[in-house]
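First up is the structure itself, then whatever we jot down about it.
The values are calculated or read from the model by the stated rules, or taken from the named source; none is laboratory data. Computed from a prediction, not measured in an experiment: that's the story for all the values here. Here the Cβ is made from the backbone with ideal geometry for all residues, glycine too, and neighbour counts use every protein chain on show. Just so you know, the surface numbers come from the protein's heavy atoms only, side chains and all, with ligands and any DNA or RNA stripped out. Shrake-Rupley method; radii C 1.70, N 1.55, O 1.52, S 1.80 Å.
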Amino acid sequence: MPFFFVESRRPALRGLLLSVVLGAAVAGCREDRDPVPPPDPSVAGREYSPVVVGQWREYAVTDHRWQANVDSVKRYLVRERVDTVFTGATGEINYRVVRARRPDSLQVWRDDSTYALILNANELHRTYANRPVLELLFPMREGKSWNPNLYNAADSSSRAYLNLGQPFTQPNGRRFERAVRVLDQPDVSLIRRRELEQVYAWGIGPVYRHRVVIDFCNGDPDCQLGTGYIVRGLEREEQLIKFGGRP
């Protein structure tokens, strides 16, 4: 730190000025040596994806399935429950999530599938059918992007944060005061449409998912390219309706 001396014809004043400057310099050097306090964990954004055993969330799901340009609609309920915790092959803590399904609230839940989550200081991984996906990257920042397929063999893609910390209202009208949208870069052309949007709410986790995977006519004899004819496709919307077991 540089020192600045002030000339004065009055020794007492010169001594006073020098002591003030030296005192400021020493204080500044002491401040440089003091350890910087660790950042508040909430700044990282991990509270948008809490993971604890016993936690559960229930979603109302609407599926649109197309085959030969014919749309069929199905509605049902899905529950995701953090069932157990185990140590993976790399020594990291894995959370086993059981996904159950039922046609409506009058029916019993039937387990449908399972997947694993790894939540650490920097990342949230989701592994389903031996395919790991980098769901979230910490710390969260508005506009921050990453490749969700970094740890699998799929083509590179791009995922980004949008509206971090802003309110979000589901199509069913339910509002969350503090949320973040997670958007995959869309792949839209004359022959395909691929889109994925997920929304995480503070202290709850994922509250909304919207996925579109559609193949349009690619020149087959039964259809004409560019007409919007859907050879096959799926549009799935999941909206949180209940949750519990939070920390």
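Within the stretch 95-129, how many residues are of a type outside the set (Lys, Arg) and more than 15 Å from the chain's Cα centre (by Cα)?
The initial filter retains those residues of the stretch 95-129 that are of a type outside the set (Lys, Arg), namely 95, 97-98, 100, 103-109, 111-125, 127-129.
Keeping just the survivors that are more than 15 Å from the chain's Cα centre (by Cα) gives 95, 97-98, 100, 103-109, 111-116, 128-129.
Total meeting the criteria: 19.
When you go through 175, 211, 159 one by one, which is the residue that is under 30 Å from residue 72 (Cα atoms) and in contact with a Lys or Arg (Cβ under 8 Å, 6 or more places away or on another chain)? Spell out the reasoning first.
Values: 175 fails: in contact with a Lys or Arg (Cβ under 8 Å, 6 or more places away or on another chain); 159 fails: in contact with a Lys or Arg (Cβ under 8 Å, 6 or more places away or on another chain).
Every option except 211 fails the conditions.
Among the residues of the stretch 128-148, not one is closer than 14 Å to residue 197 by Cβ and either polar (S, T, N, Q) or open to solvent by 30 Å² or more (accessible area, probe 1.4 Å) (or both).
Can you spot a residue in the stretch 183-201 that is aromatic (Phe, Trp, Tyr) and open to solvent by 40 Å² or more (accessible area, probe 1.4 Å)?
Step one: of the stretch 183-201, the residues aromatic (Phe, Trp, Tyr) are 200.
Checking the rest, the ones that are also open to solvent by 40 Å² or more (accessible area, probe 1.4 Å) come to none.
Taking every residue of the stretch 183-201 in turn, none turns out to be aromatic (Phe, Trp, Tyr) and open to solvent by 40 Å² or more (accessible area, probe 1.4 Å).
In the stretch 134-157, the residues that are of a type in the set (A, V, I, L, M, F, W, C) form Cβ pairs under 6 Å with partners that are surrounded by fewer than 17 Cβ atoms within 10 Å (Cβ to Cβ) and part of a loop (DSSP other than H, G, I, E, B), at six or more places apart or across chains, as follows: 134/150; 138/122. I'd like to know if the stretch 187-194 contains one or more residues that are in contact with a Pro (Cβ under 8 Å, 6 or more places away or on another chain), assigned to a strand (DSSP E or B) and over 16 Å from residue 135 (Cα atoms). So far as the stretch 187-194 goes, yes, one or more of its residues are in contact with a Pro (Cβ under 8 Å, 6 or more places away or on another chain), assigned to a strand (DSSP E or B) and over 16 Å from residue 135 (Cα atoms). Checking 115, 151 one by one, the residue that is farther than 20 Å from residue 52 by Cα and either part of a strand (DSSP E or B) or open to solvent by 90 Å² or more (accessible area, probe 1.4 Å) (or both) is 151 and no other.
Which of the residues spanning the stretch 49-65 are open to solvent by less than 40 Å² (accessible area, probe 1.4 Å) and farther than 20 Å from residue 123 by Cβ? Walk me through how you get there before you give the answer.
So the first thing to find is which residues in the stretch 49-65 are open to solvent by less than 40 Å² (accessible area, probe 1.4 Å), and the list is 49-51, 54-55, 57-63.
Correct list: 54, 57, 58, 59, 60, 61, 62, 63.
Taken over the stretch 203-222, the criterion of being out of contact with any Pro (no Cβ under 8 Å at 6 or more places or on another chain) and either among the polar types (S, T, N, Q) or not in a loop (DSSP other than H, G, I, E, B) (or both) is satisfied by 206, 207, 208, 209, 210, 211, 212, 213, 214, 215, 216, 218.
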